[in-house]
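**Q** Have a look at this one.
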Amino acid sequence: MNRSEQMARIRGRNTRPEIRLRQQLWRRGLRYRVNSRLAFGRPDIAIKRKKAAIFIDGCFWHGCPDHYFAPKSGAAFWAEKLRTNVERDRRQLEKAQADGWRVIRVWEHDIRADPSAAAEAVMEALEELDKSGDHEDWRVTAVSAGPEGREVRHLLELRTGRERTSSKRPTHAPAPSSI
Ligand SMILES: [Zn+2]
């Protein structure tokens with residue numbers, strides 16, 4: 001992945017994966033609103049009739065357990081940003097559920113890998129109304145230094161608030177230069 005791809009990944013709305021997923025869903029006959037303002041937040045895709053909200057989560061901003069990397073510079077700033085984002089995701093999920101909405105979260109990496117498969121997964125989740133409540137959704141909330149140059153990653157489960165840690169070798173990637 002080169003630098004401009006890295007930048008594209010961490011940019012905000014109307015990024016390519018979002019458009020690609022929407023196209024795939026539209027092709028499957030799903031009709032939706034984009035960026036609707038709802039009481040609990042602003043999902044990327046909302047299906048009011050089904051009270052279903054779809055959020056597309058960027059791997060960097062939302063603490064993807066597979067792809068989050070701790071930027072080399074500005075560590076404290078990025079750590080704070082990550083924690084804030086993940087906490088907001090969790091609060092938003094709780095509020096949405098309290099309002100009777102179902103939340104489906106899609107990782108950006110799944111859309112990049114196979115937009116069609118990602119859309120199929122969304123369609124399945126929409127059909128089985130309770131399905132999306134079952135699976136675990138772990139997020140990286142912080143990274144600290146561990147023994148032998150390894151990183152200790154602190155993870156939080158969005159639905160239950162459970163926490164755990166894991167350790168891995170650091171992933172070297174450039175620090176994002178823009179928000
Ligand atoms: Zn990812």
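The values are calculated or read from the model by the stated rules, or taken from the named source; none is laboratory data. Because the structure is a prediction, the values reported are computed rather than measured. Here Cβ is always computed from backbone atoms with ideal geometry, including for glycine, and neighbour counts include all displayed protein chains. The accessibility values were calculated without ligands, DNA or RNA, using every heavy atom of the protein model including side chains. Shrake-Rupley method; radii C 1.70, N 1.55, O 1.52, S 1.80 Å.
**Q** How far apart, in nm, are two points set 7 Å out from the Cα along the Cα-to-Cβ line at A145 and at K50?
**A** Taking the simple label geometry, A145 and K50 are separated by 4.8 nm.
**Q** Over all directions, how big on average is the projection of the convex hull of the alpha-carbon atoms in segment 47-133, in square nanometres? If you can, show how the numbers build up before the last one.
**A** Numbers: hull surface 25.1 nm².
For segment 47-133, averaging the hull's shadow over all directions gives 6.3 nm².
**Q** I would also like to ask the following. Would you please state which residues of segment 146-167 a label at Q97 would reach in this model, taking the label point 7 Å out along Cα→Cβ and a backbone N cut-off of under 15 Å?
**A** Under cut-off, by backbone N: 156-163.
**Q** Roughly speaking, what % of Cα-Cα pairs in segment 62-106 are separated by over 17 Å, rounded to a whole number?
**A** Cα-Cα pairs of segment 62-106 separated by over 17 Å account for 44 percent.
**Q** Could you pull out the pairs from K95/K168; K48/K81; K72/K95; K48/K95 whose alpha carbons sit more than 24 Å apart here?
**A** Result: K95/K168; K48/K81; K72/K95 exceed 24 Å.
**Q** Additional query: Please report the carbon-and-sulfur percent of the accessible area for segment 29-179; probe 1.4 Å, protein heavy atoms only, DNA, RNA and ligands left out. List each step's numbers first, then the result.
**A** Working: 3840 of 7880 Å².
Carbon and sulfur together cover 49 percent of it.
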